[in-house]
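The values are calculated or read from the model by the stated rules, or taken from the named source; none is laboratory data. Nothing here was measured: the structure is a model prediction, and the numbers come from that model. As a convention, Cβ positions derive from the backbone with ideal geometry for all residues, glycine included, and neighbour counts pool all protein chains shown. Accessible surface areas use protein heavy atoms only, side chains included; no ligands, DNA or RNA. Shrake-Rupley method; radii C 1.70, N 1.55, O 1.52, S 1.80 Å.
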Amino acid sequence: AFGVSAFMIPHHIIIGGSTGIASFINYYFNIPLSYTVMFINVIMFIFGYMILGKSFALTTIISTFIYPLCLELFQLIDMTHFCDDLFLAGIYAGVIIGVGIGLVIKAGASTGGMDIPSIILNKKKGISVGTTMNISDTIILITQMSFSKTTEILYGIAIVFVTSFVINKVLTFGSSKIQMLIISPRYNEIKYELLHHLDNGVTMIKIETGMNEESQNAVMAVMSNRKMNTVKQAALKIDSHAFITVNQINEVSGRGFSFDRYVE
């Protein structure tokens with residue numbers, strides 16, 4: 001609500017979702033944004049409750065009512081000159097809205113509003129939520145183009161990408177790790193070093209070398225970003241010709257990560 005009120009509305013940047021519909025209605029009928037958003041959210045909430053059930057409604061009820069109330073609160077505060085730079089306004093709008101939506105999704109809840117028809121179509125027809133949300137947001141953005149300048153339209157589209165990027169970062173924050181695969185004939189020494197000196201779990205993978213067709217083990221280890229260089233240098237110290245690949249992984253669960261490594 002703050003991102004919309006402080007950065008998007010003052011610069012007339014187009015926006016998707018129920019707020020976009022409210023912006024269209026506000027321009028042509030002069031009805032306050034928060035009233036329209038509340039009306040849309042309540043209608044969609046009722047549909048969601050009737051079709052998706054009580055458990056879904058419980059995870060959506062807070063967003064349904066708190067967002068338009070906060071929108072009204074921020075609208076009462078004059079934020080016209082909170083940020084006069086259109087470029088900065090676009091960046092911060094995308095970041096703040098992305099963080100807000102990301103936290104809601106990470107909590108296992110829904111932001112309500114125009115998300116609900118997409119969820120219903122997914123349940124009843126098997127249509128991807130992302131697909132229907134993109135289609136509905138595109139239609140909502142197009143309706144605002146009739147009274148928006150080209151710059152405002154372009155910024156609105158750019159903010160969609162920034163918001164999506166930030167949402168993904170919020171959803172994986174704190175859970176992303178590094179996966180390292182070490183291929184070396186001295187795999188037993190490397191395994192021992194990682195397990196007993198660096199306190200890093202490993203998994204041994206059966207492989208066959210391509211050139212010599214020799215069967216051996218590869219060492220796979222998952223670690224935090226800051227530990228990557230330490231592990232890499234330890235492996236290279238044992239075998240300076242070790243073949244090492246490093247990948248970024250979004251989430252890890254299991255012993256040593258989502259619960260304790262050691263069992264009493």
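For region 5-24, the set of residues classified as open to solvent by 40 Å² or more (accessible area, probe 1.4 Å) and either of a type in the set (Ser, Thr, Tyr) or not in a loop (DSSP other than H, G, I, E, B) (or both) consists of 21, 24, listed by residue number. Looking for something open to solvent by 60 Å² or more (accessible area, probe 1.4 Å) and assigned to a helix (DSSP H, G or I) - is there at least one such residue anywhere in region 125-132? Yes, because at least one residue in region 125-132 is open to solvent by 60 Å² or more (accessible area, probe 1.4 Å) and assigned to a helix (DSSP H, G or I). Just so you know, in region 61-108 the residues that are touching a Leu at 6+ places or on another chain (Cβ under 9 Å) and open to solvent by 70 Å² or more (accessible area, probe 1.4 Å) include one that is farthest from residue 40 (Cα to Cα), and it is 106. The set of residues from region 171-197 being farther than 19 Å from residue 245 by Cα and either touching a Ser or Thr at 6+ places or on another chain (Cβ under 7 Å) or polar (S, T, N, Q) (or both) comprises 172, 175.
Of everything listed in (1) under 22 Å from residue 91 (Cβ atoms); (2) modelled with pLDDT under 90; (3) open to solvent by 50 Å² or more (accessible area, probe 1.4 Å), the single unmet condition for residue 2 is (2). The selection criterion, being under 18 Å from the mean Cα position of the chain (by Cα), part of a loop (DSSP other than H, G, I, E, B) and surrounded by fewer than 16 Cβ atoms within 10 Å (Cβ to Cβ), does not hold for residue 112. Taken together, 200, 217, 212, 188 contain a single residue that is closer than 30 Å to residue 168 by Cα and not aromatic (Phe, Trp, Tyr), which is 200. For residue 136, the conditions (1) farther than 25 Å from residue 253 by Cβ; (2) of a type in the set (Gly, Ala, Ser); (3) open to solvent by 40 Å² or more (accessible area, probe 1.4 Å); (4) in a helix (DSSP H, G or I) all hold with the exception of (3).
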